[in-house]
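Below is one structure, written out as structure tokens; comments come after it.
The values are calculated or read from the model by the stated rules, or taken from the named source; none is laboratory data. Worth saying up front: this structure is predicted, and the values here are computed from it rather than measured. No Cβ is skipped: glycine too gets one built from the backbone with ideal geometry, and neighbour counts run over all protein chains shown. Note: areas computed on protein heavy atoms with side chains; ligands, DNA, RNA excluded. Shrake-Rupley method; radii C 1.70, N 1.55, O 1.52, S 1.80 Å.
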Amino acid sequence: MRLSRKQLDEFRNFIGISRVLPPNFTEDMIMKAPSNDIMNKLARGVLASYSYDSNPEDRSVANNLRQCVELISRFSTLAAYGYQARRRYFQNESMFIHNPVPEYSTAENFLHLIRPDGQFTKLEAQILDLALILHAEHGGGNNSSLTVHVVSSADTDTYSAIAAAVGSLKGRRHGGANIRVVEMMDEIKANVKDWTSDKEVREYLYKIARKEAFDHSGKIYGMGHAVYTVSDPRALLLREKARNLAAEKGCLEEYNLYRMVEELAPGIIMDVHHSDKQICANVDLYSGFVYTMLNIPRELFTPLFAISRISGWSAHRIEELVAGGRIYRPAYKNVCERRAYIPIDAR
């Protein structure tokens, strides 16, 4: 279905208006119950939205679409306000509560809400917008998108399903990969004297791969993907824009270090782990670097992922309503050897 220009304008206007949270929501649901973890605050904000919906239990596609669009439009505001509350109550720093600007894109609105002066450049908004698009969905085979299907199949409401997905994404094995990349790069920068030295960088990457450095897991974070082998197209797009932003921010030396890691790591991983599987950089290698150059605090990296992924979750929610109809119920099979039954009195 294609929308007319008038319909598109009406849709954009609805999105912009929906970014403004319901009356008293910020004071009652965010400021009165702050959280040190913004993902926790985001999940609670989603669940609290149920109470502000005049028709939360209607399972029709039209109503669920309306609920999803409202959540998509509000996620950046919920995350930004949760961050401001954290600054005030847990970091003893100033809190800045700006009103959302209906005309702004999601990226522009987010940058506006987290910065004291509310200002941003065109390039900053463009590259954050690209990052959000690249993280929106990639095939549906991820934990949080599956969570939406599983919970929705039980015939529950939209807010319960999306809050469950937020809880999934909060997990360190799912939404926190780009933070691990930035932490790993921090250690490399602290221990490699010459960032332009192929030899020094290679030696330290070997230490990481051999479990002698960083978190001793043997993982070089930001490398490898379950589906992409030759290249991750998301990483290629973000890498190109990251260079432009690095030039604007005076971070080209650091950008070149990331490029060197991208070039050296595949061969090192194959050598240390004796594998012939082709490996490439994934989108996490550059996303954390981009967010850092945008002066976005690390505690907002995973909430940013949620701001992006809510669109994908919404699509999965609608798909389950339209094409599902059966509850997800995994089967179990006992793989233990058969044992003789022992009467209770003889145990």
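Listing for the model above:
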| quantity | calculated |
| --- | --- |
| Hits in segment 183-230 - residues which are in contact (Cβ under 8 Å) with a residue 60 or more places away in the chain, surrounded by fewer than 20 Cβ atoms within 10 Å (Cβ to Cβ) and under 27 Å from the mean Cα position of the chain (by Cα) | Lys189, Ala226, Val227 |
| Subset tally (residues that are open to solvent by 20 Å² or more (accessible area, probe 1.4 Å) and farther than 23 Å from Leu321 by Cα) for segment 39-60 | 2 |
| Residue match in segment 113-122 (condition: outside any helix (DSSP H, G or I), in contact (Cβ under 8 Å) with a residue 12 or more places away in the chain and under 11 Å from the mean Cα position of the chain (by Cα)) | no |
| Tabulated pairs, segment 136-156, first touching a residue at least 24 places away in the same chain (Cβ under 8 Å), second of a type in the set (Asp, Glu) and part of a loop (DSSP other than H, G, I, E, B), C-beta under 9 angstrom, 6+ apart or interchain | Ser145/Glu137 |
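Rundown of residues vs (1) under 25 Å from Ala48 (Cβ atoms); (2) open to solvent by less than 10 Å² (accessible area, probe 1.4 Å); (3) touching a helix residue (DSSP H, G or I) at 6+ places or on another chain (Cβ under 7 Å); (4) not hydrophobic (A, V, I, L, M, F, W, C), yes/no style:
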residue	(1), (2), (3), (4)
Glu103	no, no, yes, yes
Asn109	yes, yes, yes, yes
Phe120	no, no, yes, no
Leu128	no, yes, yes, no
Leu134	no, no, yes, no
Gly139	no, no, no, yes
Ser145	yes, yes, yes, yes
Ala164	yes, no, yes, no
Ser168	yes, no, yes, yes
